[in-house]
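Trainee: One structure, pasted below without further comment.
Bear in mind that the values in this text are calculations on the coordinates, not laboratory data. Worth saying up front: this structure is predicted, and the values here are computed from it rather than measured. Because the Cβ atoms are built from the backbone with ideal geometry, glycine has one as well, and the counts that use them run over all protein chains shown.
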Amino acid sequence: MCLGSPYCRRVEGNYAEALDLLPGVVSRLHAAGKRAYVATPAVPREADLPHVARLVDAAAAAGADALEIHNMGVLRIVREKGGFVPAHMGAYANVYTHLAAGVMRDAGAVRVRPNAEVSLEEMAILAREAGVEVEVLVHGKIPLGVTDRCFLLTEPEESDPKCPSACGEVHWLTSRQWVLKTVGKGVLSGRDMCLLEHLPRLVADGFRVFRVEGLYETAAYRSEIGAVYREALVRAFAGGSFALEDRWADAARRHAPRGLCNGYSFGTAGRMYVGTVLQDANPEV
Amino acid sequence: MAELLASGGSMEMVRAAFDNGADAVYVGATGWSRRRAQYEMDDTAIVEAERYARSAGRILRVAFNTLPASTEVPLFLARTDALYAAGVRDFILTDPGLMMALKNRHPDTILHASVGCTIINVQDALFYKEAGASQVVAECRMGKATMRRIKAEAGVGLEVLVHATTCYTLLGRCTMSSYTKYGHRVDESGKDHFPGSPNRGGLCYRICLSDWDQVGAAGELEASGVELPNRAYFLADDIPDLIDLGVDTIKIQGREYSVPLVGRMVRFYRELIDACVRDRAGFRMDPWRERMARIVADRDAERREKTAGLISESLDR
């Protein structure tokens, strides 16, 4: 489980800000047999770096299993502190090549999540050549952009009464045939990434780290989609025939009001769906 | 004194930029920069531009600032080897792995970390310095305090864009364009092309500049005609401060604009910088504003036309 939000330090329930709560939540996750990762800010301006340094220390002291890092400066801070907590490079770290992954590996990264635009075929090369674990987003909103100015506010965030509640609500951006989701400082896909029917291929290709993105989603989304993927992955790893259960497809559709896609996995535009089972949510495919 | 760096989207633009006072010009290697091919140059043109720059005692920088596929690395090395053999030494890169590979191969190359690196703090600057960059481009909204700190602590040159756009999201960290339309093809040389992705050398369809509505959870309209700000800027008031800060390079972006317009922009900044340096204490912006307004109006007209075309192109299936 990844704690905290890379988008905004003011978002409600951000464990990466409530440093005194970190030891407790990390302990609870460990007691439940889970690993605890902590997200760091994706856009840390100079003024944020002292907090980042404190966060790195707090995560280490709490026994966190890894830090999720999007910014090269943060990676450097972790390395300078001795690299006591392994680094996982996040979606905004712009990992496209095995050479970049290698530079990050040498700076302390043990896992990379390639940029959303990187296809599954490219990810397999990257994993093989760079010698790092590759994390694959299998379900959830695709991160499309990040900034440090909140789109949902009209006043500075310190004084706008809509902060921090605005990004806790659902807001879509629509234009022509496109739908995006805004979370204030981040732009996400309108459609939900879904690789459910492609899990056997991912397993065969050697991928072993799969992410269900639950940021800015409900608890029901996280638990139900998470449970679907746990069951589906067990089946995919068992080998043999793999057919989607109707209830898996129902859950995927129910939690994706704007439809499903599978991102750039197969070299197409991110909003497209490539497959044979769940494409009915996207009539143009 | 700060170097004035201008865009070179064609040989004609390279000449115009130098002839109007640029100290350096950047060009994109075909398939390897953040613009479409018509604003990039093949190796023959790059070598010609490099000779033109050298003969004038100026510098030509070649941008290989895409984030390529791993399979493109051998092509990158072969192409930069060829340009190196032809005398090119100055490169602009984004991928830290490519930076390190090129620096290890040719230690006397001069590498600048591109705007696509999204350098927002001093630790970022130090990271790219360690990857081989001797100069970094400041993210477009970087404040002067951070610039000052990078100059004081990072030990790298600092480049500031005075004519560019501030994207809705952070430049280099946005894939909104390719979410809507994206392709992949491999050309006869084995080079991958990814139309729709500026990060990967395709063009940005600027979908952020489309007409957007904001809609709530149940589909209710919350706001119509909302703007996802993506504004072209033209900084002039900041030039004296940038000079005082010791900024190493003042950059004019704009390979996609017309050659006469780029020439006028370069001439404007050349004269502004020279006037400021000549008499810093007595320098006043007011006399420059009318001329600047005319250039901005012409720039905006060209940009509007291009944006409409790009959005329309993104709708093609």
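Trainee: Give the Rg/Rh ratio for region B:205-317, taking Rg as the radius of gyration of the Cα atoms and Rh as the Kirkwood radius, to two decimals.
Mentor: Taking Rh as the inverse mean 1/r over Cα pairs, Rg/Rh reads 1.12.
Trainee: Report the label-to-label distance for residue B:85 and residue A:219 in nanometres (one decimal), using points 7 Å from each Cα along the Cα→Cβ vector.
Mentor: Taking the simple label geometry, residue B:85 and residue A:219 are separated by 6.6 nm.
Trainee: Hey, if you put +1 on the Cβ of every Lys and Arg and -1 on every Asp and Glu Cβ in region B:3-314, which of B:157, B:31, B:216 ends up farthest toward the positive end of that dipole?
Mentor: B:157
Trainee: In percent, what relative contact order does region B:3-314 have, based on Cα pairs under 8 Å that are 6 or more apart in sequence?
Mentor: Here the relative contact order equals 19 percent.
Trainee: Let me ask something additional. For the protein assembly as shown, what does -39500 (n - 2.57) per DSSP helix run (n ≥ 4), summed and divided by total residues, give at 222 nm, in deg cm²/dmol to the nearest 500? Could you put the intermediate results ahead of the total?
Mentor: Details: 18 runs with 210 residues, N = 602.
After summing the helix terms and dividing by residue count, I get -10500 deg cm²/dmol.
Trainee: Roughly what % antiparallel, to the nearest 5, for the DSSP beta bridges in the protein assembly as shown?
Mentor: Around 35 percent of the beta bridges assigned by DSSP in the protein assembly as shown are antiparallel ones.
Trainee: Between residue A:253 and residue A:12, what is the label-point separation in nm under the 7 Å Cα-to-beta-carbon projection?
Mentor: Between residue A:12 and residue A:253, the simple spin-label model gives 3.2 nm.
Trainee: Something else now. Over chain A, what relative contact order in percent results from Cα pairs under 8 Å that are six or more residues apart?
Mentor: Working: 508 pairs, mean separation 39.8, N = 285.
Relative contact order comes out at 14 percent.
Trainee: Between residue B:223 and residues 5 or more places away or on another chain, which pairs have amide H atoms under 5 Å apart, with H built 1.01 Å from N, and which residues are they?
Mentor: Hits under the 5 Å cutoff: B:214.
Trainee: Using +1 on the beta carbon of Lys and Arg, -1 on that of Asp and Glu, and nothing else charged, what's the dipole of the protein assembly as shown about the Cα centre, debye to 20?
Mentor: Computed charge dipole of the protein assembly as shown: roughly 360 debye.
Trainee: Could you size up the charge dipole of region B:3-314 around its Cα centre, putting +1 on the beta carbon of Lys and Arg and -1 on that of Asp and Glu, and report it in debye to the nearest 20?
Mentor: So the magnitude is around 400 debye.
Trainee: Hey, another quick one. Tabulate in residue order the Karplus-calculated ³J(HN,Hα) for region B:95-107, using 6.51 cos²θ - 1.76 cosθ + 1.60 with θ = phi - 60°, rounded to whole Hz; enter x for Gly and Pro.
Mentor: Per residue, the Karplus-derived 3J(HN,Hα) values read 6, x, x, 5, 4, 5, 5, 5, 5, 5, 6, 9, x Hz.
Trainee: Taking the Cα centre of region A:11-86 as origin, work out the dipole magnitude from +1 charges on Lys and Arg Cβ and -1 charges on Asp and Glu Cβ, in debye rounded to 20.
Mentor: I would put it at about 260 debye.
Trainee: What net charge do the residues around residue A:89 carry, taking every other residue with its C-beta under 11 Å from that of residue A:89, with Lys and Arg at +1 and Asp and Glu at -1?
Mentor: 0
Trainee: Over region A:1-79, calculate the relative contact order: mean separation of alpha carbon pairs under 8 Å at least 6 apart, over the residue count, as a percent.
Mentor: Contact order relative to length: 34 percent.
Trainee: What's the long-distance tail for region A:49-146, i.e. % of Cα pairs beyond 16 Å?
Mentor: Tail fraction, whole percent: 53.
Trainee: Also, quick follow-up: Take the alpha carbon atoms of the protein assembly as shown, find their radius of gyration, then divide it by 2.2 N^0.38 Å using N residues; give the quotient. The partial results should precede the final answer.
Mentor: Details: Rg = 24.0 Å, N = 602, 2.2 N^0.38 = 25.0 Å.
Against the compact-globule rule of thumb, the ratio is 0.96.
Trainee: On to the next question. Residues with amide H under 5 Å of residue B:196's amide H, sequence separation 5 or more or different chain, H placed in the peptide plane at 1.01 Å from N; which?
Mentor: Those lying under 5 Å, H to H, from residue B:196 are B:202, B:203.
Trainee: Give me the percent of DSSP beta bridges within chain B that run antiparallel, rounded to the nearest 5.
Mentor: Bridges in chain B are about 25 percent antiparallel.
Trainee: Using the structure shown, list the pairs from A:81/A:181; A:181/B:144; A:181/B:306; B:251/B:306 with a Cα-Cα distance above 30 Å, or answer none.
Mentor: Among A:81/A:181; A:181/B:144; A:181/B:306; B:251/B:306, the Cα-Cα distance tops 30 Å for A:81/A:181; A:181/B:144.
Trainee: So, one more: I need the phi-derived Karplus couplings for region B:89-94: 6.51 cos²θ - 1.76 cosθ + 1.60, θ = phi - 60°, integer Hz, Gly and Pro marked x.
Mentor: Ordered by residue, 3J(HN,Hα) equals 10, 10, 10, 10, 10, 10 Hz.
Trainee: Taking R0 as 51 Å, what's the FRET efficiency between residue A:176 and residue A:54 from their Cβ-Cβ distance, rounded to 0.05?
Mentor: Taking R0 as 51 Å, the efficiency between residue A:176 and residue A:54 is 0.70.
Trainee: Under a cut-off of 23 Å between alpha-carbon atoms, report the lysines in cross-link reach of residue B:103, not counting same-chain residues fewer than 8 places apart.
Mentor: Within the straight-line limit of under 23 Å, residue B:103 reaches these lysines: B:129, B:151, B:191.
Trainee: 5 Å is the cut-off here: which amide hydrogens, built 1.01 Å from N in the peptide plane, fall below it relative to residue B:114, excluding neighbours closer than 5 in sequence?
Mentor: Residues meeting the amide H criterion: B:93, B:94.
Trainee: What per residue convex hull volume, in Å³, comes out for region B:15-107 when only alpha-carbon positions are used?
Mentor: Details: hull volume 8.9 nm³, N = 93.
Spelled out: Cα convex hull of region B:15-107, divided by residues, is 95 Å³.
Trainee: Set the Förster distance to 51 Å, then compute FRET efficiency between residue B:305 and residue A:47 from the Cβ-Cβ distance, nearest 0.05.
Mentor: Efficiency for this residue pair is about 0.80.
Trainee: Here's another thing I want to ask about it. Per the Kirkwood treatment, what hydrodynamic radius in Å, one decimal, follows for chain A from the mean inverse distance over all distinct Cα pairs?
Mentor: Here the Kirkwood hydrodynamic radius works out to 19.6 Å.
Trainee: Once you sort the root eigenvalues of the Cα gyration tensor of region B:3-314 as a ≥ b ≥ c, which label holds: rounded (a/c under 1.5), prolate (a/b larger than b/c) or oblate (the other case)?
Mentor: rounded
Trainee: Then there's this: Each residue of region A:59-65 in turn: what ³J(HN,Hα) in whole Hz from Karplus with 6.51, -1.76, 1.60 and θ = phi - 60°, glycine and Pro shown as x?
Mentor: Couplings: 5, 5, 5, 7, x, 4, 7 Hz.
Trainee: Out of all DSSP beta bridges with both ends in chain A, state the antiparallel percent to the nearest 5.
Mentor: Values: 13 of 32 bridges.
Of those bridges, close to 40 percent are antiparallel.
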